[in-house]
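In what follows, a structure is listed as structure tokens, so that the remarks can point back to it.
The values are calculated or read from the model by the stated rules, or taken from the named source; none is laboratory data. All values reported here derive from a predicted model rather than from experimental measurement. Glycine also receives a Cβ, built like all others from the backbone with ideal geometry; neighbour counts cover every protein chain displayed. Note: accessible area is taken over every heavy atom of the protein model, side chains too, but ligands, DNA and RNA are not part of it. Shrake-Rupley method; radii C 1.70, N 1.55, O 1.52, S 1.80 Å.
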Amino acid sequence: MQSAIEARAVGQRARSGQDTLRDVSLAIGHGELVGIIGSSGSGKTTLLDILSGLRAPSAGTVIRASGNVGYVPQDDIIHLALPLERTLRYAAALREVPPAAVGSVLSTLELTDRSLIPVGDLSGGERKRASIAVELLAAPTLFFLDEPTSGLDPARGAELMGTLRALAGNGTTVVLTTHNPLDAARCDTIVVLTGDGCLAFCGTPDAALGYFGVNTLEEVYERLRERRDEKPWRWGDGHIRSGEKGLGRAEPAAGAAPERATRGAATGALRPLRQWLLLTRRNAAILTRARLTLAILVGAPVMVLLMFVVLFRPGAFDPAHPSPETTVMIVFWLAFGGFFFGLTYGLLQICAEFGVLRRERFAGLSAAAYVLSKVAVLLPLLAVVDAAFLVVLRVLGRLPEAGDYGATFVTLLLSSAAALALGLLISAAVSEPSQATIALPMVSFPQVLFVGAILPVPVMAAVGRWISYLMTNRWTFEGLGHSLGVARLWATGASPLGPPLLASYGTTFARPAGEDWLILVAFTLAFLAATVFAVIRKTGSAVKAGSAAKTGLAVQAGRQAG
Ligand SMILES: Nc1ncnc2c1ncn2[C@@H]1O[C@H](COP(=O)(O)OP(=O)(O)OP(=O)(O)O)[C@@H](O)[C@H]1O
Ligand SMILES: [Mg+2]
């Protein structure tokens, strides 16, 4: 294959049905520095996404040479909490690049003296370069950047263009979008898009000046504006002019199979496991740095625990004078505590970092490794919270002296695990954090109403009873009641309220806790599987990038046959 990237009749149609890119054909040679220009909204980012394989086109085909693909998005989507060098070390490990690459990339982008500063504290321009550094680690052969120089001062912008120029000199094909005519002038090839997403020109900057009949590239924008009403876009002789390296010249060699753009190292069965360990370490590092977040995660349960202590009198489980209504409420709110904190811990985890996640999925991150690394860091935290609930309430006399606390802890932790998995699922399914926040009451209310504590299951309406089966909290509530000996307590009949209360709850607490555990584990696994599925769906287009290139030829062949 002679060209590094070839687009044939590529088009993109938005969900609304509007065409954002129309019939774009171009060829980009190996080691070229290519600038895509055009007015705002002309489809530059769309074209970049399609050329890189981040998005599949809705029409046409793209063929890419094999090798590592790097994509630097316009927003600096990169974890902000850790120091720059540490962030890059994790990024290198995730891309299976030796740690030595970090030092050289830092010096290439002149960031060596910023190594120890948290990414979030870097200046805008430094963060931009950090974002570029992440992708440079894997030494991409095809490198795509969306407006890399925006937000940089002219000198820094020129320096960055110089760095990209040098990369291209070393054989990397670099494609970028820009609003800056000076950047475009530094490119080997410029791709000019019209306001409505058609290709106006593809060739050298010098050829562009002649083609548009202008003296500077700034004036190209004016020309595009003047002719914006002419559709479809055709200049003079009716053909889009191309430079020497341009369109139609580089037909792929016969039989040259388009290859999937893969990241460096081989894919092994151990790879997801390595990624899981790595991400778990990174999550833990981020969490310990985000002191305020950690304080809220731990502080919120402490507040709730205090409320319980203030609300409930001690001695409700006293076998001599039990208070059945209190025992039910203590068991229920204990169950709800385990559920609620699991849910809230999970709820904002994924939706708050879709950008980084997409980027890392594009770099080859396994969705399961990602989801399970969240569980690995948050579940131990929940175990501490659950244990603290039991210990404090027991010590302060709000829980029975005789009770199977081992089983009680297991039930509560499994309840938290199921809720955490549910929170992660919601977080992966919504498109932004505000939606996840709205989901919190929607998910929590039924887990109060249909659990069988406030209204016992035996006296629920039929539909309510069916719904109660789906509530993880129901199984926690019943399991906790069993292990804490609620049924036994009421059977003593010491309280005049005991027998009737027990009667309305029926056999609620009779089931061995082990059965409730199985149900909670099944819920957890189902929620986790659904979360992985949702993550793949949300970030799938990135992973499909290579296969889109593959199906390319099939489509082409189909057309020729037809
Ligand atoms: N879902 C959608 N429905 C309709 N139009 C859409 C949709 N998504 C994107 N577009 C349009 O597609 C066009 C191209 O968007 P794109 O982000 O590629 O532009 P751009 O050239 O990168 O612009 P900018 O220079 O501002 O970054 C825009 O006009 C945008 O409004
Ligand atoms: Mg854009």
(request) Normalise the Debye intensity by I(0) for the chain, one equal point scatterer per Cα, no solvent, then take log10 at q = 0.08, 0.11 Å⁻¹ and round to two decimals. (result) -0.66, -0.96
(request) Quick one: compute a quarter of the convex hull surface over the Cα atoms of segment 284-354 and quote it in nm². (result) 6.0
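Let me check something: with ligands and nucleic acids excluded, how do R129, R313 order by accessible area (1.4 Å probe), largest to smallest? Each step should come with its number before you reach the end.
Values: R129 25, R313 195 Å².
Result of the area sort, largest leading: R313, R129.
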(request) Would you mind putting 9-18, 315-324 in packing order, based on average other-beta-carbon counts within 10 Å, highest first? (result) 315-324, 9-18
(request) Please turn the phi angles of segment 12-27 into ³J(HN,Hα) values with the Karplus equation 6.51 cos²θ - 1.76 cosθ + 1.60 (θ = phi - 60°), one per residue in order, whole Hz, x for glycine and proline. (result) 9, 10, 6, 4, 6, x, 7, 7, 9, 8, 10, 6, 8, 10, 7, 10
(request) State the three equivalent ellipsoid semi-axes of segment 1-43, derived from the C-alpha gyration tensor as the square roots of 5 times its eigenvalues, in descending order and whole Å. (result) 24, 14, 6
(message) Probe of 1.4 angstrom, ligands and nucleic acids ignored: what's the accessible area per residue over the chain, in square angstrom?
(response) 43
(message) Kirkwood Rh over alpha-carbon pairs of segment 94-165, then Stokes-Einstein at 10 °C and 1.306 mPa s: what D in µm² s⁻¹, rounded to an integer?
(response) 125
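Quick one: order W475, W517 from most to least accessible surface, probe 1.4 Å.
These residues rank, largest area first, as W517, W475.
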(message) I want the local charge near P512. Using Cβ-Cβ distances under 12 Å, sum +1 for each Lys or Arg and -1 for each Asp or Glu among the other residues.
(response) -3
(request) List, in order, the whole-Hz ³J(HN,Hα) value for each residue of segment 164-178 obtained from phi through the Karplus relation with A = 6.51, B = -1.76, C = 1.60 and θ = phi - 60°; use x for Gly and Pro. (result) 5, 4, 5, 4, 4, x, 8, x, 6, 8, 10, 10, 9, 9, 7
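Using helices alone, what [θ] at 222 nm do you get for the chain, with -39,500 (n - 2.57) per DSSP H run of 4 or more residues, divided over all residues and rounded to the nearest 500?
Numbers: 21 runs with 306 residues, N = 562.
Value at 222 nm, helices only, nearest 500: -17500 deg cm²/dmol.
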(request) Which order do the peptides 457-469, 195-207 take when ranked by the mean count of other beta-carbon atoms within 10 Å per residue, highest first? (result) 195-207, 457-469
(request) Rounded to the nearest 10 degrees, what's the angle between the helix 271-289 long axis and the longest principal axis of the chain, both from Cα atoms, 0 to 90? (result) 70
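At a Förster radius of 41 Å, what calculated FRET efficiency corresponds to the Cβ-Cβ distance of S431 and R488, to the nearest 0.05? Intermediate values should be presented prior to the final figure.
Working: r = 49 Å, r/R0 = 1.20.
For S431 and R488, the calculated efficiency is 0.25.
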(request) Give the carbon-plus-sulfur fraction of the accessible surface of the chain in %, rounded to a whole number; probe 1.4 Å, heavy atoms of protein chains only. (result) 62
(message) I need the peptides 329-340, 397-408 ranked by packing, meaning the mean over residues of other C-beta atoms within 10 angstrom, with the highest value on top.
(response) 329-340, 397-408
(message) Less than 13 Å from a label point 7 Å out along the Cα-to-Cβ axis of V384: which backbone N atoms in segment 49-87 qualify, by residue?
(response) none
(request) With the Cα gyration tensor of segment 39-187 in hand, give its eigenvalues times 5 under a square root as the equivalent ellipsoid semi-axes, listed largest first in whole angstrom. (result) 24, 18, 15
(request) With a ≥ b ≥ c taken as the square roots of the eigenvalues of the C-alpha gyration tensor of segment 108-210, please select rounded if a/c is under 1.5 and otherwise prolate if a/b is larger than b/c or oblate if it is not? (result) prolate
(request) Please calculate the 1.4 Å probe accessible area of E226, with all protein chains present, and give it to the nearest 10 Å². (result) 120
(request) Give me the distance in nm between label points sitting 7 Å out from Cα along the Cα-to-Cβ direction at V459 and V310, one decimal. (result) 3.0
(request) For the chain, build the charge dipole from Cβ charges (+1 Lys, Arg; -1 Asp, Glu) around the Cα centre, then report which of S123, G171, L209 sits farthest towards its positive end. (result) G171
(request) Might you report the magnitude of the Cβ-based charge dipole of the chain about its Cα centre, with Lys and Arg at +1 and Asp and Glu at -1, to the nearest 20 debye? (result) 900
(message) Please report the spacing between the Cα centers of segment 291-355 and segment 1-17 in Å, no decimals.
(response) 53
(request) Please arrange E85, E222 by accessible surface area, largest first, computed with a 1.4 Å probe and ligands excluded. (result) E222, E85
(request) Starting from the amide H of L193, placed 1.01 Å from N in the peptide plane, find each other amide H under 5 Å away whose residue is 5 or more places distant or on another chain. (result) I37, G38, A200
